[in-house]
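Accompanying notes for the structure given below.
Computed from the coordinates by the stated procedures, all read-outs in this text should not be read as laboratory data. Because the structure is a prediction, the values reported are computed rather than measured. For neighbour counting, all protein chains shown are included, and Cβ atoms are generated from backbone atoms with ideal geometry for every residue, glycine included.
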């Protein structure tokens, strides 16, 4: 489909207007009304599984033709189980507590004004994502539960799947009382359309980009709308001088190997020289036993003669693979400095039996989530008890770390008076 | 001073690096340490009042030469009282509770992990502002108290004043233990420098632009750093059918006339037709008695024959002057629709004795602060009990409405384990 930029603009502005109106109606919906819509949307996905699989097959065929890797094709694929997974996600969203309407604080001023700070929906949220079509349903469900309208822009490789999912979400939602325009998907997947979308600050209140580094950078650079980035996870684990050997090895292996392709896995291991002396060799052996390639500094090579020497690039790289860079440090301060220099402010852990070192690390490492004596793999909305997450923010404003329903709301001040004037 | 863009870039990057380092040290400072710095900075401004006035005289002379209005020159002027005012602001900041280190929530997960959500400084904050040189001290004081380094960029008309204030703030602060680089001011006031500054996302975590609409729009469009806009206040007061006549008149006059040049003054009055019938004439008389020019629709002109007819432009204009646009509406719903269409999401009030109408208005009007039976003039950090404010956010993310010390912090998750793996 070739369309002119003017056509895209005109259509997108119409979508924006529709979304703003829908958001106003959504903000007035009760929890029960929203939950019914979510349940009906879940039913609709299951009821139309056959058509969804057929449309998905078109994406898979095109993907194969375009030479997508097996891993990419797997991420793209929708089978009965994955369709059921989307439905379950929507039903779970319906069961989570409504984040809207919470009184966050209440004060009475000397002049008698009562000021209530109350959580409210953000308005219209734009989600820009790649490959996985299940994000279409997951993101829509969470945005709706928090009272927001959503404009989705998925990747070109999943366009048929995304369109059919969005169609049934919208149809079933509207039939159950959802305002038309609450769930909309861009029919265009080219960069031009994204360029228009991220400048629609009159209509969209927040952009959440999820995907590769290039996509996120491009969105952040172009957008005139506030962006909450879900950026890379260049995470570290630091083994302090006083660390327990078994705990250190178990948390390293878990942080690196349990799922190396995710953002809360570690990429670099830092070890205090005293700990390295005592069990550096054991750590190296365990890593190798688990199939991990080690790239380390000269000091660690002593304990792991087979390792290659790490370059500056290694400390800057999110491998997302069974590769780890290792560096020996002189002190917790040096570890903190390394992390604040190379880290992506995601998840950082210290293994230590020294409470002073640990607290220093937790206080001075600048990251969304800092751990003492734990694997880094727990940075996740589910693990945090949020019920679900829209992603993990690597930004510092509004939402940091796992973003759940609460982070999809903002607040307003409701002020109650009896005729106060100033 | 003419400098090349490369020179500006190189200098600004150095400032950025310095600020990042200073922010890391600041985050580790105790409340007492920060307070001592603030007090010494206050002393330094008072002790050097003479030099500050001399530098200010240069700005005033240049301003006169450049034909600045009397109002502008007055905003620019620093006398002993205003210098004392800056010092008092810094001392007040030292007395406010430290917003850093608050445990916002604490949960223990089934696996034994204890997750604490703790307030922390944002890091480096860039403040871009115009004319008033007192912002240099006020903004620096609040940013520091919240543990942030600050990079200030004031207007060209106040450059001599800003430079001397920043110099003494920095000198006194550093002598009292503040890291060098915690308070920095751009020596260039041209747009090029702003253009560089708002793209320094490696160094600056938040940009707060304060000033005219054009400045704020330009910053929001160019910035790759999150921006919290302190935009215009196009505020409304709606007189419901059931409103008390005296309360309506008192709050209208207060909202419009007490200080017409500020952002929480109203620009448009909406009146239910039934209320207009009963006391529309009285409202018009009181407004005229207070020197307010009325621009209204045909319906209100019945009660105010002298008024001119309002155009669409009137409903879109922030007069910041003794002018008001007036429109008669059929219902609270129509008032809400008007406000959501024309308002700047700042401060909106309903005067009503009908609790249902009032709650509908508070819930459905999309603004940072919504009032029932009150003047709109209370949207202010001081009036809200925040002690001080960096401004009033018209954005929806991170901070909405009056921004105090708490809004100058973010949070991190500190997670305490005993060797948990996933």
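What does the copy distance list look like for residue A:261, label position 7 Å along Cα→Cβ, in nm and ordered from shortest?
Label point to label point, same position, other copies: 6.2 nm.
To check my understanding: the extent here is largest minus smallest coordinate of the Cα atoms along each principal axis. What are those three numbers for chain A, in Å, largest first?
For chain A, the Cα spread along each principal axis is 70, 66, 37 Å.
I need the per residue convex hull volume for region A:231-303, using only the alpha carbons, in cubic angstrom as a whole number.
Here the figure is 85 Å³ per residue.
For each of A:60, B:178, count neighbouring Cβ atoms within 10 Å of the residue's Cβ, then give the residues from fewest to most.
Numbers: A:60 21, B:178 27.
Ascending Cβ contact count within 10 Å gives the list A:60, B:178.
List, shortest first and in nm to one decimal, how far the label point of residue B:305 (7 Å from Cα along Cα→Cβ) is from its counterparts in the other copies.
Residue B:305 label point versus its equivalents elsewhere: 10.8 nm.
Work out the FRET efficiency for residue B:102 and residue A:246 from their Cβ-Cβ distance, taking R0 = 56 Å, and round it to the nearest 0.05. Walk me through the numbers before you get to the answer.
Details: r = 35 Å, r/R0 = 0.63.
Computed FRET efficiency for residue B:102 and residue A:246: 0.95.
Starting from the Cα of residue A:290, step 7 Å toward the Cβ, then list every residue of region A:374-401 with an amide N under 17 Å from that point.
Within reach of a label on residue A:290: A:374-379.
Only helical DSSP H runs with n ≥ 4 go in: add -39500 (n - 2.57) per run for chain B, normalise by residue count and round the 222 nm mean residue ellipticity to 500 deg cm²/dmol.
On the way: 15 runs with 185 residues, N = 422.
Theoretical 222 nm ellipticity from helices: -13500 deg cm²/dmol.
Could you give, in nm with one decimal, how far residue A:109 is from each other copy of that position, shortest first, with labels 7 Å out from Cα toward Cβ?
Reported distances to equivalent positions: 4.2 nm.
Which percentage, to the nearest 5, of the DSSP beta bridges contained in chain B is antiparallel? Write down the numbers at each step before the final one.
Numbers: 16 of 54 bridges.
Bridges in chain B that DSSP calls antiparallel: roughly 30 percent.
Quick one: helix B:355-364 against the long Cα principal axis of chain B, what's the angle to the nearest 10°, folded into 0 to 90?
That helix lies at roughly 50 degrees to the long axis.
Determine which chain A residue has its Cβ at minimum distance from the rotation axis mapping A onto B, giving the value in whole Å.
Nearest Cβ to that rotation axis, in whole Å: A:398, 2.
For chain B, what is the relative contact order in percent, using Cα pairs closer than 8 Å and at least 6 residues apart in sequence? Each step should come with its number before you reach the end.
Numbers: 870 pairs, mean separation 73.3, N = 422.
Taking the mean separation of contacting Cα pairs over the length of chain B, I get 17 percent.
For A:153, A:210, which order do you get if you count the other beta carbons within 10 Å of each Cβ and list the fewest first? Write down the numbers at each step before the final one.
Details: A:153 24, A:210 21.
By the 10 Å Cβ count, ascending: A:210, A:153.
State whether the protein assembly as shown is rounded, prolate or oblate according to the following rule on the C-alpha gyration tensor (a ≥ b ≥ c being the square roots of its eigenvalues): a/c under 1.5 gives rounded; otherwise a/b larger than b/c gives prolate, and the remaining case gives oblate. List each step's numbers first, then the result.
Values: a/c = 1.99, a/b = 1.25, b/c = 1.60.
Oblate shape, in that a/c is at least 1.5 and b/c is the bigger or equal ratio.
Determine the distance separating the Cα centre of region B:43-94 from the Cα centre of region A:1-26; give it in Å without decimals.
Cα centres, region B:43-94 to region A:1-26: 49 Å.
Is region A:235-378 best put as rounded, prolate or oblate by its Cα gyration tensor, with a ≥ b ≥ c the root eigenvalues, rounded for a/c under 1.5, and otherwise prolate when a/b is larger than b/c, oblate when not? Numbers along the way, then the final one.
On the way: a/c = 1.35, a/b = 1.15, b/c = 1.17.
The shape class here is rounded.
How far is helix B:213-222 tilted, in degrees, relative to the longest principal axis of the Cα atoms in chain B, given as a value from 0 to 90 rounded to the nearest 10?
Between helix and principal axis, roughly 50 degrees.
State the antiparallel share, in %, of DSSP beta bridges confined to the protein assembly as shown, rounding to the nearest 5. Intermediate values should be presented prior to the final figure.
Details: 32 of 118 bridges.
The answer is about 25 percent antiparallel.
Write down the Å³ per residue value for the convex hull defined by the alpha carbon atoms of region A:175-223. Walk me through the intermediate numbers first.
Working: hull volume 5.1 nm³, N = 49.
Convex hull volume per residue, Cα atoms: 104 Å³.
What is the distance in Å between the Cα centres of region B:127-193 and region B:353-422?
26
For the Cα atoms of chain A, what angle does the longest principal axis make with the long axis of helix A:80-95, in degrees from 0 to 90, nearest 10?
Computed tilt is about 80 degrees.
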